[in-house]
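Let me begin by presenting the structure, written as C-alpha cells, before commenting on it.
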Amino acid sequence: MLILIQIISLLFYSAVSISEDSDQFAWSAERKLTWDDFKGKPTKTNPAAALTFTDIHISASYTNGKINVEVKNFFDKKLSWTKNKTSASLLKHEQVHFDITEVHTRILRKKLSAIASEKSLQNGSFNKESSKLLKEWHEFQEKYDKETDHGLIAAKQKEWEDKVALLLKEE
C-alpha cells in the first residue's frame with residue numbers, strides 16, 4: 001500500500017526539480033546569494049527594494065510499513081527580484097530570509113518525521129501540523145522584516161543575522 005501526500009505552502013506553485021541549472025536551487029551553507037540570482041522583475045507598485053522568494057516543499061510517503069518524510073527548501077530565481085544590485089546590506093538582509101527558510105525547513109523535517117505515521121497521514125493530523133509549522137515560518141519572516149524595518153535598522157539587522165546564524169548551528 002502506498003500513500004503519498006504532498007503539502008505545498010501558499011507560495012509554492014509547482015513541483016520542480018531543484019538544481020543549480022534550473023530557476024531554483026536548494027539552500028547550502030557554502031553557497032550564498034548573489035544579485036545575479038535575482039532574475040525576476042519588480043512590480044512598480046511594490047515599495048520594497050528586493051524580494052526573496054523561498055519556499056518549503058513537504059512530501060510524505062508510506063510504503064511497506066515505513067514512513068518517509070522529505071522537506072526541502074529552495075530559492076526561486078525567477079520570482080526573486082531587486083531594484084538595487086549594488087547594496088551589500090540589502091543582499092545580506094535577503095540572505096537572512098533564505099537562512100530563516102532553512103531553519104524552518106529543519107524544524108519541519110524534525111517535527112514531521114517524529115509524528116509521521118500511517119494514522120497521522122490518514123486522519124489529517126500530519127497535514128494540520130504541517131500547516132501550523134508553515135504558518136509559524138511565515139510569521140517569523142514577517143517579524144524579521146518588521147523588527148529590522150526590512151534591513152534598514154542596522155543594529156536590529158545585525159541582531160537578526162546573529163540570531164539566525166545561531167539557529168542554523170543548533171538545528
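Structure notes:
- On the beta carbon distance between LYS163 and SER28, with R0 = 22 Å, the FRET formula returns roughly 0.60.
- The spread of Cα positions in the range 28-122, taken along each principal axis and listed from longest to shortest, comes to 52, 28, 18 Å.
- Cα centroid separation - the range 101-171 against the range 20-39, whole Å: 20
- Mean projected area in nm² (Cα convex hull; one quarter of hull surface) for the chain: 10.6
- Residue separation of LYS78 and ASN46 scaled by 0.36 nm, minus their Cα-Cα distance, works out to 9.9 nm of gained length.
- Cα gyration tensor, the range 109-171 - rounded (a/c under 1.5), prolate or oblate: oblate
- Relative contact order for the range 15-171, counting Cα pairs under 8 Å that sit 6 or more residues apart, in percent: 23
- Peptides ranked, highest mean first, by Cβ atoms within 10 Å: ranges 83-91, 133-141: 133-141, 83-91
- Cross-link partners of LYS83 among aspartates and glutamates, defined as those whose alpha carbon lies under 15 angstrom from its own and excluding same-chain residues fewer than eight positions apart: ASP36, ASP37, GLU94.
- Packing rank of 96-102, 109-115, where each peptide gets the mean count of other beta carbons within 10 Å, highest leading: 96-102, 109-115
Every read-out reported here was derived from the displayed coordinates using simple, explicitly stated rules and does not represent laboratory data. Every value quoted in this text rests on a predicted model; they were computed, and no experiment measured them. Positions of Cβ are generated from backbone atoms using ideal geometry, with glycine treated the same way; all protein chains shown enter the neighbour counts.
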